[in-house]
Amino acid sequence: MIFGWLKKRRRRRWLEESFDPGWERAIRQNVAHYRLLNEDEQKRLQRLIQVFVREKHWEGCDGLELTGAMQATIAAQACLLLLEIEHDYYRMLRTILVYPSGYFVRGRVPGGAEVVEGDLPVLGQAHFRGPVILSWQHVLDGGRRPFEGRNLVYHEFAHKLDMKDGVVDGTPVIRDRGQFRRYVEVMSREFDQLRAGRSSGLLREYGATNPGEFFAVATEVFFERPISLRRLHPEVYEVLRDFYRQETAARLERAGYGRA
Ligand SMILES: [Zn+2]
């Protein structure tokens, strides 16, 4: 596999460089969750960012001038999801498009009983076998406010993890059969409860759109309000913890954010 070999060599070269201090400044300023990580986690996240930023194709849209600091801010949030799992830097994703703010797409979305059609405002999208599109303004809002339970980058990249097995069904790749069964059982049950309006209010309603959105919405909450998730939906917390292999609730408690 000549491409695999070239790719490895390139990655090794990038990883030999020291981490850009400008990138680190940007991440400290824009990605509040980074400050909750211990030193080892921060170092490993930096290595993921070094490869991710360089390996992807980036485009600023609508006149947005993309800088390294902006790329690092996005990469830090995208790669946080990968920190402890087996991955290949979102291999199926090649291009990341960044708009200054929200943008419009032609299409239709279900809005309660009716379907809204026309130019729809969106903040971000993750296309199947296609690009991730993000609004820079919302990337910043999400990154700087770490405990709201809303984060655009976690949301779109959770979709990318979901798509890795070729279907968008809210179930990412889980190799262990027991863990997989448990995941499907818990997430289906909680999805049904959200659809039926019998959920706690912590997982926002948008997650009831379909199982793919449920996983993306639950991922946002798992990283941003894990202590509440563990209290109100202990099984959702547990299956996401087992998938991401991160104890986000304990991490926040250690950092003194006992109520997030
Ligand atoms: Zn979504």
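Since every read-out is calculated from the coordinates, none of them should be taken as a lab result. Because the structure is a prediction, the values reported are computed rather than measured. Positions of Cβ are backbone-derived with ideal geometry, glycine not excepted, and every protein chain shown enters the neighbour counts.
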Extension gain (nm, one decimal) between residue 10 and residue 210, 0.36 nm per residue minus Cα-Cα: 68.1 nm
Beta bridge orientation in the chain: antiparallel %, DSSP, nearest 5: 60 percent
Where labels lie 7 Å past Cα in the beta-carbon direction, separation of residue 28 and residue 184 in nm: 4.7 nm
Top of 197, 212, 68 by mean-square fluctuation, Gaussian network on the chain, Cα under 10 Å: 197
Ranked 105, 122, 217, criterion: other C-beta atoms within 10 Å, fewest first: 105, 122, 217
Share antiparallel - DSSP beta bridges, segment 1-148, percent rounded to 5: 60 percent
Residue 238-residue 125 pseudo-label distance in nm [points 7 Å out on the Cα-to-Cβ vector]: 3.9 nm
Which of 209, 171 has the fewest Cβ neighbours within 10 Å, and the rest in rising order: 209, 171
Net charge contributed by nearby residues that have their C-beta within less than 12 Å of residue 101 (K/R +1, D/E -1): -2
Helical contribution to [θ] at 222 nm, DSSP H n ≥ 4, -39,500 (n - 2.57), averaged over the chain, rounded to 500: -16000 deg cm²/dmol
Candidates 196, 218, 69, ranked by Gaussian network fluctuation over the chain, Cα under 10 Å, top entry: 196
Around residue 29: net Lys/Arg minus Asp/Glu count, Cβ-Cβ under 11 Å: +3
